[in-house]
Amino acid sequence: MLGDNAGMAARSRRTARAGSVRIIGGRWRGRRLAVADATSTRPTPDRVRETLFNWLAPVLPGARCLDLYAGTGALGVEALSRGASNVVFVERNATVARQIETSLDMLGAEGGHVVTADVEAFLNGTPVASDVVFLDPPYGTVLDNLCTLLEQGWLAPRARIYLEWNRKQAPPSLPPSWQLLRDKAAGQVQFGLAERG
């Protein structure tokens, strides 16, 4: 099964290099998002997104979401497609951020807001509590500090936090108030869903 996941991840990476990623569920299922700069983005593979959004299905309708290191915007757009009320996309690459805005316009998506900023600088700003946070930084990024910053008012009670890292990295140290609900691996991707208690 893991071999299948690795193959699917490789196919998903090839699709991204070709210039698009596919929305896999909800009202925009099957629609494609253009990838502005495939060399600076690493889209979450389809199989991983499918698993994640199955985990989030009970809490996503009406949720306020925060998509950090948004890249293609696929996680946040998938959340909007499946009923989230709003998503703030944070992406420091201005070209990539503009492409997320273009994708939102193309879909006629309401509730999406793109912020061009460094994630740590953004998290040191004025917090707005979110119900769901997507934390999918470039591989090699240490997640521990980012998790601590999220605790400074960015999380609603019982918020869900999606974390993704390379399997070669040590898993992140979670704040004491977080509980890891699920975790899984697919190819080189390790991912999990935590809940803030």
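Can you tell me which residues in the stretch 69-117 are of a type in the set (Lys, Arg) and closer than 23 Å to Thr51 by Cα? Write out each step before concluding.
Within the stretch 69-117, the first condition is being of a type in the set (Lys, Arg), and the residues that meet it are 82, 92, 98.
Across the stretch 69-117, the qualifying residue is only Arg82.
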Would you please name the residue that is surrounded by the fewest Cβ atoms within 10 Å (Cβ to Cβ), looking only at residues in the stretch 71-102 that are touching a residue at least 60 places away in the same chain (Cβ under 8 Å) and under 27 Å from Arg158 (Cβ atoms)? Leu75
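State the number of residues belonging to the stretch 169-178 that are farther than 22 Å from Ala79 by Cα and touching a strand residue (DSSP E or B) at 6+ places or on another chain (Cβ under 9 Å).
Looking only at the stretch 169-178, we keep the residues that are farther than 22 Å from Ala79 by Cα, and these are 169-177.
Subset that is touching a strand residue (DSSP E or B) at 6+ places or on another chain (Cβ under 9 Å): 169, 171-172, 174-175, 177.
Selection size over the stretch 169-178: 6.
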Across the stretch 1-48, what is the total count of residues that are outside any loop (DSSP other than H, G, I, E, B) and modelled with pLDDT under 80? 16
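Looking only at the stretch 68-87, which residues are in a loop (DSSP other than H, G, I, E, B), in contact with a Pro (Cβ under 7 Å, 6 or more places away or on another chain) and of a type outside the set (Phe, Trp, Tyr)?
If we filter the stretch 68-87 for residues that are in a loop (DSSP other than H, G, I, E, B), which is where we start, we get 69-73, 82-85.
From the residues that got through so far, the ones that are in contact with a Pro (Cβ under 7 Å, 6 or more places away or on another chain) too are 69, 71-72, 83.
Correct list: Gly71, Thr72, Gly83.
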Selection status of Pro172, without any contact (Cβ under 8 Å) to a residue 12 or more places away in the chain and more than 29 Å from Arg98 (Cβ to Cβ): no
Here the residues within the stretch 51-67 that are part of a loop (DSSP other than H, G, I, E, B) and either in contact with a Phe, Trp or Tyr (Cβ under 8 Å, 6 or more places away or on another chain) or under 14 Å from Arg158 (Cα atoms) (or both) are Pro58, Val59, Leu60, Ala63
Checked the stretch 147-173 for anything modelled with pLDDT under 95 and crowded, with 17+ Cβ neighbours inside 10 Å; matches are Glu164, Trp165, Pro172
Assigned to a loop (DSSP other than H, G, I, E, B) and buried (at least 17 other Cβ atoms within 10 Å of the Cβ) - does that describe any residue in the stretch 103-120? yes
Which numbered condition trips up Asp136, out of (1) touching a Pro at 6+ places or on another chain (Cβ under 8 Å); (2) touching a residue at least 60 places away in the same chain (Cβ under 8 Å); (3) within 21 Å of Arg32 (Cβ to Cβ)? (1)
Residues (part of a strand (DSSP E or B) and without any contact (Cβ under 8 Å) to a residue 40 or more places away in the chain) located in the stretch 140-157: Pro157
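The values are calculated or read from the model by the stated rules, or taken from the named source; none is laboratory data. All values reported here derive from a predicted model rather than from experimental measurement. Backbone-built Cβ (ideal geometry, glycine too); neighbour counts: all protein chains shown.
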